[in-house]
Structure formats: C-alpha cells, structure tokens
Amino acid sequence: WERALELLARMEARNIRPSVISYSAAISACEKGQQWKRALELLAQMEARGVRPDVISYSAAISACEKGQQWESALELLAQMEARGLRPNTISYNAAIS
C-alpha cells in the first residue's frame, strides 16, 4: 500500500493527473494493507481533485472499512454511493454486509 501511495504521489509530482483507475488501485492497495483510514482519505482526495469515484472506487473503500471493522463507515459509503447515482454491485453489498 505504501508503494501505491508513492506511485500516486510521483504521478502528481510529474504533472500526470491520476485517473479514477489510479485512485481505485491505490484504495484497493490500502484495503489489502488494512489501511482503511488512508483508503477514505484517498476517496476524499480524488473528489477534491475533480476525479469522480466510480463503483470500483467505492467498493474498494467499503472493503477497506470492512477489513478495518468499520461497519458504520462502510454503510455510510454505501449510502453515499447510492445518493450520487452510482449503483452498488455484488462486491459493494458483500463488503458492506461483512
């Protein structure tokens, strides 16, 4: 997860705008490293930088919260996702249920 964050920072330092795919991959890396807070920070950062999270971004963040036993945050993300017009998929729901 640390390497993923380093690469994301390197992209920005070289004036390469990270895409939704770049951010989602980094969020997923945080999930695997049990870094749920960093995953949520990345989700907020991408929005602040004008990159709209997609179903994959939210699902990865929900999974990170689930792994960190932050079920309330996971449910909030699920609701936020739906409020933004994104349709949760099986992965989203399974992570929130866990």
Tabulated pairs, region 39-57, first on the phi > 0 side of the Ramachandran plot, second surrounded by fewer than 16 Cβ atoms within 10 Å (Cβ to Cβ), C-beta under 9 angstrom, 6+ apart or interchain
Gly50/Arg17
Hey, among the residues in region 22-42 that are buried (at least 18 other Cβ atoms within 10 Å of the Cβ) and over 10 Å from the mean Cα position of the chain (by Cα), which one's farthest from Glu2 (Cα to Cα)?
Ser22
Of the conditions (1) open to solvent by 90 Å² or more (accessible area, probe 1.4 Å); (2) over 17 Å from Leu86 (Cβ atoms), Pro18 fails just one. Which one is it?
(1)
Could you check how many residues of region 51-98 are hydroxyl-bearing (Ser, Thr, Tyr), open to solvent by 80 Å² or more (accessible area, probe 1.4 Å) and part of a helix (DSSP H, G or I)?
2
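The values are calculated or read from the model by the stated rules, or taken from the named source; none is laboratory data. Because the structure is predicted, anything quoted here is derived from the model rather than measured. Because the Cβ atoms are built from the backbone with ideal geometry, glycine has one as well, and the counts that use them run over all protein chains shown. SASA here: full protein model, heavy atoms, side chains in, ligands and nucleic acids out. Shrake-Rupley method; radii C 1.70, N 1.55, O 1.52, S 1.80 Å.
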